[in-house]
Amino acid sequence: MKTVRQTLLMTAVVSIMGSALLTGCGGGGDGSSQVEPLGSRYYGIWEREGYGDVIKIDQSGGRIYQYTRSSCLLANQGTASEVAESLGDLRLSEDGTQLYSDPVEGAVFSTHYNLREQLPELCTEGQRITTATAMQTFEHFQQNFADYYAFFNERGVDWNTQVSVAQGLIHDAMSDEDLFAVMAQMLSPLDDGHVQLSDRETVYRPVSVRGANRVIEESFSLQNEFDDIQSYANALNAQYWENLGDYLDDGSVETLDGAYPDRLIWGTIAEGQIGYLLINSMAFFSPEADGLHPQSNVDWLHTNMPDVLSDLANTDALILDIRSNPGGQDEAALAIASYFVQQRHLFGSKQARSSAGDTNVQEAWIEPASDNPYLKPVILITGEATGSAAEVFTLAMRSLPQVTHIGETTAGMVSDVLEKTLPNGWEIWLANEVYFDSDGVNHEGTGIAPEVAVSTFSLEAISAGQNAALDTALQLLED
């Protein structure tokens, strides 16, 4: 019997996009590429179409505007170089009409800003927001969601009704606490882990508890052995991993730490015939930037995945377990998937939605990373807590001919995050990008259904020393 360590109670890890803070690190590069200093040939007004972001760069410096159909906010400003650094390694196209960033390896989107003749009228002096009253903050908040949140229909929310009800409660004399409460109530029906309201101290995210955490919360009150829920969770956690260890061959288990412990856990089953690989998240691999630097995470995976798969090379099949993986970064997800293809593979597409219309669809590809990819049968296990970049990984893997998808329907939170600033300094996240699978289906809100449904975490199985998903996977591999 082996001991495999893992924490049962997990918090959601969302796909992180680069913040527009001037003190922040630019995303989208590995820090090694040589980028020309920002000079006068970069002067102009640049718009990221479909995202509501406009940059103005001139001799006086750089400014970042965030606009909606009815409002515009100067979200940040600084020197031209500071603004460029906050947005990543921007380059100028040969024809001078576009600023763009080279995507991190595995990224589906690169960032593009198109040259425009003038600022949106609402962003000009005298038109844009310059004060931060409760009513102005509320209007900018609700209009950002109206213009850029992509999934009201999928999540069954009438945003106009939410706004209409809330408007009767908003007045400039209200406290920040009351304003925050009204906004949070508006967001509560969305049940979307990629939506967030933050006043820099309190964070509200309208997402229901899923997976093992849901089972623990629902069952805690039905038992009398433990007085606090964490002790109860720890006991179930220990039993769950003891059960898993009983499936794995003695001496075969390996773990690999990154920014956090146990990023990858692998071993063999049935005297080396079946491989097992558990991936705990799609981030926190490299210690750089606390595990949230995309290119560093990709580099870490390309350093370590060959060794992992070398250990599993003599197996006849592989069970890939992401049932509790809450997500992280698409780039990391696709870096892992790249070890399961021998040629470039199209698995879907992606675009941004906004009130101004959808952006062009960009194809989503898996790029091969190894001369010896794992092409033997793979069973992919997902759970109801599998979310975000782990769902992108699911879309990629289930499109491959050697993969069978089992378990539970995923969380249905596939989109990336768009960050916005409010006039009073609060911040919001919203989901604005739509992934489609290889059949053109959008799984946002509904989740990705497995080919074979089986429970991934139940009290009955834990008490019986079983793992129903592993049993099903092994049975499928025997048939």
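The values are calculated or read from the model by the stated rules, or taken from the named source; none is laboratory data. Here the structure is a predicted model, which is why all the values come from computation and not from measurement. Don't worry about glycine lacking a Cβ; one is built from the backbone with ideal geometry, like all the others, and counts go over all protein chains shown.
Consider segment 187-211 and keep the residues that are of a type in the set (Gly, Ala, Ser) and touching a Gly at 6+ places or on another chain (Cβ under 8 Å). The one that is surrounded by the fewest Cβ atoms within 10 Å (Cβ to Cβ) is Gly211. Going through (1) modelled with pLDDT under 95; (2) under 22 Å from the mean Cα position of the chain (by Cα) one by one, Tyr113 falls short only on (2). For Ser310, are the conditions met, namely being out of contact with any Phe, Trp or Tyr (no Cβ under 9 Å at 6 or more places or on another chain), assigned to a helix (DSSP H, G or I) and over 19 Å from Gly211 (Cβ atoms)? Answer is yes for this residue. Residues in segment 84-107 that are in a strand (DSSP E or B), touching a helix residue (DSSP H, G or I) at 6+ places or on another chain (Cβ under 8 Å) and either modelled with pLDDT of 90 or more or within 30 Å of Tyr339 (Cβ to Cβ) (or both): Ser101 alone. Has segment 311-324 got any residue that is surrounded by fewer than 17 Cβ atoms within 10 Å (Cβ to Cβ), over 30 Å from Thr111 (Cα atoms), modelled with pLDDT of 95 or more and not charged (D, E, K, R)? Checked against the condition, which is being surrounded by fewer than 17 Cβ atoms within 10 Å (Cβ to Cβ), over 30 Å from Thr111 (Cα atoms), modelled with pLDDT of 95 or more and not charged (D, E, K, R), segment 311-324 yields at least one hit.
Scanning segment 262-280 for residues that are out of contact with any Leu (no Cβ under 9 Å at 6 or more places or on another chain) and farther than 16 Å from Val308 by Cα turns up just one, Glu271. Just one residue in the set Thr3, Thr11 is under 25 Å from the mean Cα position of the chain (by Cα), surrounded by fewer than 21 Cβ atoms within 10 Å (Cβ to Cβ) and at pLDDT below 50; that residue is Thr11.
Criterion applied to Gly251, Gly245, Gly258, Gly272 was being within 28 Å of the chain's Cα centre (by Cα) and either under 27 Å from Tyr339 (Cβ atoms) or part of a loop (DSSP other than H, G, I, E, B) (or both), and the one residue passing it is Gly258.
Looking at segment 337-383, the strands (runs of 3 or more DSSP E) lying wholly inside it that each contain 1 or more residues that are closer than 30 Å to Gln142 by Cα sit at 345-352, 362-366. Return the residues of segment 384-435 that are closer than 19 Å to Val341 by Cβ, outside any loop (DSSP other than H, G, I, E, B) and touching a strand residue (DSSP E or B) at 6+ places or on another chain (Cβ under 6 Å); say none if nothing qualifies. Within segment 384-435, Ala389, Ala390, Thr394, Leu395, Ala396, Met397, Arg398, Val403, Thr404, His405, Tyr435 qualify.
Just one of the listed residues (Ala166, Ala184, Ala132) is in contact with a helix residue (DSSP H, G or I) (Cβ under 6 Å, 6 or more places away or on another chain) and surrounded by fewer than 21 Cβ atoms within 10 Å (Cβ to Cβ), namely Ala166. Looking at Thr111, Thr137, just one residue is among the β-branched types (Val, Ile, Thr), in contact with a Ser or Thr (Cβ under 7 Å, 6 or more places away or on another chain), buried (at least 18 other Cβ atoms within 10 Å of the Cβ) and touching a residue at least 60 places away in the same chain (Cβ under 8 Å), and that residue is Thr111.
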